[in-house]
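Student: So that we are looking at the same thing, I have put the structure below in structure tokens.
The values are calculated or read from the model by the stated rules, or taken from the named source; none is laboratory data. Bear in mind that the values here come from a model prediction, so they are computed numbers and not experimental data. Cβ placement follows ideal geometry from the backbone for every residue including glycine, while neighbour counts extend to all protein chains displayed. Keep in mind that these areas ignore ligands, DNA and RNA; they rest on the heavy atoms of the full protein, side chains included. Shrake-Rupley method; radii C 1.70, N 1.55, O 1.52, S 1.80 Å.
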Amino acid sequence: MMADQPPPLEATPLLNEVPLLPHMVNGDSIQQVILVQVNPGETFTITTEDGHVQCIQGPAHVPMMSPNGSMPPIFVPPGYVSQVVEENGVRKVLVLPHSAEFHPSMHPPPPPPPPHVPHYVHHHHALLPHPPHPVYPPVPGTGELPPQFIHQHPPPHVFQEQEPRSHGRTNFIQRDERSLKMQEHLKKRLKDRQASGHTNSKLNSPPSSPHKINNSSNSAIQNGNGKGQQVAGGLLKQKQIGKTKGSPDAEIGDSDTESKKYDIHLSIGKPVVSDIQARSAVLSWNLPVSSQNGESHSHSPAAFTFEVAISNSGKNGKFKSVYVGEELTITLPDLRPATDYHARVSATSSSIKESVSELVSFTTESCEPDCPAAPKLINRTKNSLSLQWKSSNDNGSKITNFLLEWDEGKNGPFKECYYGHLKQYKLTKLSPSTKYSLRLAAKNDIGMSGFSETVAYYTAGIVPPPPLPPLLVEAGVTWLSLKWSPPNGVSSDDSLTYSLDMEEEGSGYGFQPQYNGDELSCTLRNLRRSTSYKFRLFAYNSEGKSNPSEVVEHSTNPDKPGPPSKPTVKGKIHSHSVKVTWEPPKDNGGSDISKYFLEISDLIGNKWEIIYSGSQREHVCDHLKPGTSYRMRVYCISKGGESQVSDVLTVTTSAVPPGPCHAPCLAGKAKPKEITLQWGPPSIDGGSEITEYVIEMANSEQDERRQVYQGPASEYVVNNLLPGRTYCFWIRAANKVGFGPHSDKAEISTAPGPPDQCCKPLITCKSATCVVVSWESPTCNGAEISEYRLEWGQVEGSMHIIYTGPCLSYEVKGLTPASTYYCRVQAVNIAGVGLFGEIGVVTTPASVPAAVSVLHLLDEDQMEISLPLSTCLAIHWEEPCCHGSEITGYNIEYGEKQLVAIGRNTSHVLENLLPDTLYRVRIQAINSFGVGPFSHSIKAKTKPLPPDPPHLECVVFSYQSLKLKWGEGPSRALITNPTQFNLQMEDRFGRFVTVYSGPCHTYKVQRLSESTTYYFKIQAYNDAGEGEFSEVYAFTTTKSPPASLKAPKANQLEENTYEITWEPLQPMKGDSIVYILQLAAGREFDQVYKGPETSFRLTSLQTNCEYRIRVCAGRQSQDSTGSQELYGPYSPSTVFSSQKQELVPQCADPTTELAETKKTLREERFIAIVLLCGFAVVAILFAVVIQYFVIK
């Protein structure tokens, strides 16, 4: 065993774990397989007996086989020691660096190295030389390693738990994620440390001696736990801590410098065990305390990772890791009852070396035994079963009794059959060949264990009786399906197997086994067709084989026969028959042909029809169509089934003349002079294509036929026929053989035509306004005449239909006397309209004049002279038709049938009528034959007489206007008034001019002079005309009052004395002016002065009192009635206060009074403007509403 070029010892821990697997039996010798663990970065070299060298790169597990089971010597380099540990029968060798802190109490001393181990020359190679002969050859023996043993190890910093298993493989239990992250961090720091330390060692220190081993401080190594990788991980952590604490310039091989790095010591107290049960216990411990330079420090639980290991083999026994984590209390599960255990706790930190606690011992409680193994059968008979069993683990309390239960062979509930301390029992009085189920339980002083697994044993029996022979379920061509039933007298609970033997007929091999099993049916395949086979059946049970059943014989079915030969024609081919024959098939399928089937089909469809079935091999096919190709084929049937059809024979029969066609028929609608015939081919074409058709026609069946068409078409137009006639037609077809017979007769009629032209009508005058027209019926041309049409008119080229109907005469009324008329007649039937006949002419005799058609009343503007419309009516008319005699005069009827005869005029004036009266007027013409009829009446009304002038009066007099009123009625014309008025006033030149014309009854004349007399007259007019003017009326305007004065002024002369002054006015047309002054101390004004003066002195006024004064002017005049006074409006008020003179120098400031007066005027004007604008807006809105809703 040799490791080539390992990495530096500080980077890769040296650890070789050689577990010995459990013994393997190989023939008569007992050998052991040793798993050699090759660490990452190492090379394991194996030399076989033939000198072949094989190198294995780590990481890997190399299985080695020990021929005698002995442990080989392990050769280690200087500075390393080997440690042998054993766990569950697996021995492992740990190669560890030598440490001064190694605890011999926890590890057995390593064996000394053999004296023949040579010294190592170079420190980079740790050589383990091979022994003279290979002690552990590779297991396969070929120099190749099985791939399942050469697998990759996890990285060295990942700690794993290894549990040895029965087959020698290792189970890995990974630590928690926190431990993995911690080891990842330590590995990174180790690599950094190695890089810096190795560089410094090379640069600053000479090479170390090969005998110097870099030795770091080693903590207590856990002995007996078999965790090679875990110990290596611990060593790796200690080396990393030492490198971190020590100086980077220290030499790698100097152990004194290394020991200075671990100046921090960690101690953990002894754990405490509580709540001890039979299979569990609670283990708790305190946080470790670190000490550095004599000072103690405490830490948080998250800074440590704790590992708990237990041992059930004493203090120096093997320890097993059961927990790794950060908790301070855990429950130890899966313990053995009544067992002594030792436990310890180790603490690990990233910056402090590992510390292991003292051991704590405890013993678990006793409990009920473990479940025993199932009882084993040691002997059986037909009526008994002998059982034996072993004791299970008593779990600290001796087993006192065993409980054996069975189901009494009934597959029912279990019942007790034995209870005692013995380990064997014999069940007797049992039934033969019966299944019994059993189970076992153990009992100690603490309780009863669980039951073992249930086992089933059978009692011995007898050989089954011979079964019945197998029955045939279904037979095939190459297979047979058989079934059978159990032998008689065997219960359904008995377990039987069956053996089926078969012998082929004529084979000479005898019976051969074909089936062996517990099924009651089987299918035998790959047999020969139509072959007989013999069968027999055996039944087996645990006691042996029964006698065979009776031999039975079954045969396979025959196969389908092959197809017969292709049919052939025998003899001559006729038009309606042919004789065919065929040969039997080459392979009949193992059975005789029982029947042949002949099928026939035409070339048009794929439908085959059987025309013959029988055992003969020829047949006459009749009832065939002439000139038709047929396909024929044959197939046969036998016991094996139906064969495939033969090849197809094609036969064509001889052709014959075609058969009769169907009678031709009418295509579309018949026309009056032509018929379109169409026909189809005959139902029997004689086996040859139709080449042409021949059509013959006759007026009747007895008349001679004549050919009208010959050709290949299927449609023909027969023309030059008469409308409404019936014709007979025949048709026959021809092919290359000849013509076929005639078809049935087809009678087809032409369509009816319009009637012939009518004759000239006969006209007879009954009176001057009525004539009778009659005519004769023309030829109808196959359709009865339905109506006649009579055209009538006064112009030959412009006539219109006045009669439509079936009669042969018509009376025309309402004609004009002495007029010429033209007429003609036309006949109509369902086929159409005939031509018009010749035109007949008639002249009516003369008669009285016609009625006047136009009569109307003349308006006033249409009259040549002016007439009084109140008593006259002017009428006008147009002269009517004279009817062959000149008009000599007219009669006018009006009123109460008053008749007026006039001459040959077209207008007349009716006089001496009543005004405003309605009249009916009509007129009639007169000639030599008499009086014509009256015209229509018109209504005419005479106009009323002109109105009389109304009475005129003046209702309102003013100095510049006069409001006049006349008649009775509203002042404004709300509705249309038929009577209107014309008001005239005399101007300064003495002429009367119109100042108003309209329907109103009032009018206001404005812009007049004061105290002036004006003259008026009035006239009324309406539709009847203008009335006379009234007499002249005289109205005089009044005198105008004086204008408004300005506000008076108040000047204080002395205390309680004021002088009031106001502006003077000029005399008005010689009339003197007087003034009225009013004074108010409250609300009421009192007159204090009246006279012609323009000032007044107020005395005896109260002190500190407010007064108001105003003034108005009056006009004094003299007239016939005496002296009159006419006053104007009052001036604005002036306000002043009476105060003491020394306090108020002046009672009223004229400027202040004037300002107040102006302010009052402005307010009044503003209010007036606002009111005016409001009224204007309202008026506009009303106008818009009326315009939109009323007018529109």
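Student: Given the whole protein assembly as supplied and a 1.4 Å probe, what does the accessible area of residue 436 come to in Å², nearest 10?
Tutor: 10 Å²
Student: Now a separate question. Give the whole-number value, in cubic angstrom per residue, of the convex hull volume spanned by the C-alpha atoms of region 806-891. Mind dumping the intermediate values first?
Tutor: Numbers: hull volume 17.3 nm³, N = 86.
Residue-normalised Cα hull volume stands at 201 Å³.
Student: Taking amide H atoms as placed 1.01 Å from N in the peptide plane, list the residues 5 or more away in sequence, or in a different chain, whose amide H sits under 5 Å from that of residue 417.
Tutor: 404, 405, 406
Student: Now for a separate question. Considering the options 697, 717, 658, tell which one lies farthest towards the positive end of the dipole of region 621-728, charges being +1 on Lys and Arg and -1 on Asp and Glu at the Cβ, about the Cα centre.
Tutor: 717
Student: Whole-Å semi-axes of region 1043-1141's equivalent ellipsoid, largest first, each the root of 5 times a Cα gyration tensor eigenvalue?
Tutor: 29, 12, 11
Student: Could you order 276, 268 by accessible surface area, starting with the largest, using a probe radius of 1.4 Å?
Tutor: Most to least solvent-accessible, the answer reads 276, 268.
Student: Still on this structure, please answer the following. With only Lys, Arg, Asp and Glu charged, each at its Cβ (+1 for the first two, -1 for the last two), find how big the charge dipole of region 836-908 is about the Cα centre; round to the nearest 20 debye.
Tutor: Roughly 280 debye for region 836-908.
Student: Using the Cα centre of region 708-785 as the reference point, and only Cβ charges (+1 on K/R, -1 on D/E), how large is the resulting charge dipole? Debye, rounded to the nearest 20.
Tutor: The calculation lands at about 120 debye.
Student: With the cut-off at 22 Å, tell me which of the pairs 579/625; 607/736; 941/965; 566/586 have Cα atoms farther apart than that.
Tutor: The pairs that break the limit, which is 22 Å between Cα atoms, are 607/736; 941/965.
Student: Cα extents of region 750-881 along the three principal axes, largest first, in whole Å?
Tutor: 84, 27, 22
Student: Still on this structure, please answer the following. Less than 12 Å Cβ to Cβ from residue 515, Lys/Arg counted +1 and Asp/Glu -1: what total charge do the surrounding residues give?
Tutor: 0
Student: Let me ask something additional. Would you kindly work out the equivalent ellipsoid of region 605-733 from its C-alpha gyration tensor and give its semi-axes, the square roots of five times the eigenvalues, largest first in whole Å?
Tutor: Three semi-axes, in Å: 50, 14, 12.
Student: Next question, about the same structure. Give me the net charge of residue 279's neighbourhood, meaning all other residues with Cβ under 13 Å from the Cβ of residue 279; Lys, Arg count +1, Asp, Glu -1. Write down the numbers at each step before the final one.
Tutor: Numbers: positive: 336; negative: 275, 334, 365, 368, 370.
Spelling it out: positives minus negatives among the neighbours equals -4.
Student: Tell me the relative contact order for region 417-481 as a rounded percent, counting alpha carbon contacts under 8 Å between residues six or more apart. Can you show the working numbers first?
Tutor: On the way: 54 pairs, mean separation 16.7, N = 65.
It rounds to 26 percent for region 417-481.
Student: Next up: Just to confirm a number: summing +1 for Lys and Arg and -1 for Asp and Glu over residues other than residue 955 whose beta-carbon lies under 14 angstrom from that of residue 955, what do you get? Let's see the in-between values first.
Tutor: Numbers: positive: 963, 965, 1004; negative: 953, 968.
Every neighbour counted, the sum reads +1.
Student: Residue farthest toward the positive end of the dipole of region 542-648, with Cβ of Lys/Arg at +1 and Asp/Glu at -1: which of 627, 562, 589?
Tutor: It is 627, whose Cα lies furthest towards the positive end.
Student: Could you give the dipole magnitude of region 494-548 about its Cα centre, charging the beta-carbon of Lys and Arg +1 and that of Asp and Glu -1, in debye to the nearest 20? Spell out each step's value before the answer.
Tutor: Working: 6 positive and 8 negative charges, 63 e Å.
For region 494-548, the charge dipole is close to 300 debye.
Student: List nothing, just return the count: lysine pairs in region 968-1076, 8 or more apart or interchain, with Cα separation under 29 Å.
Tutor: 7
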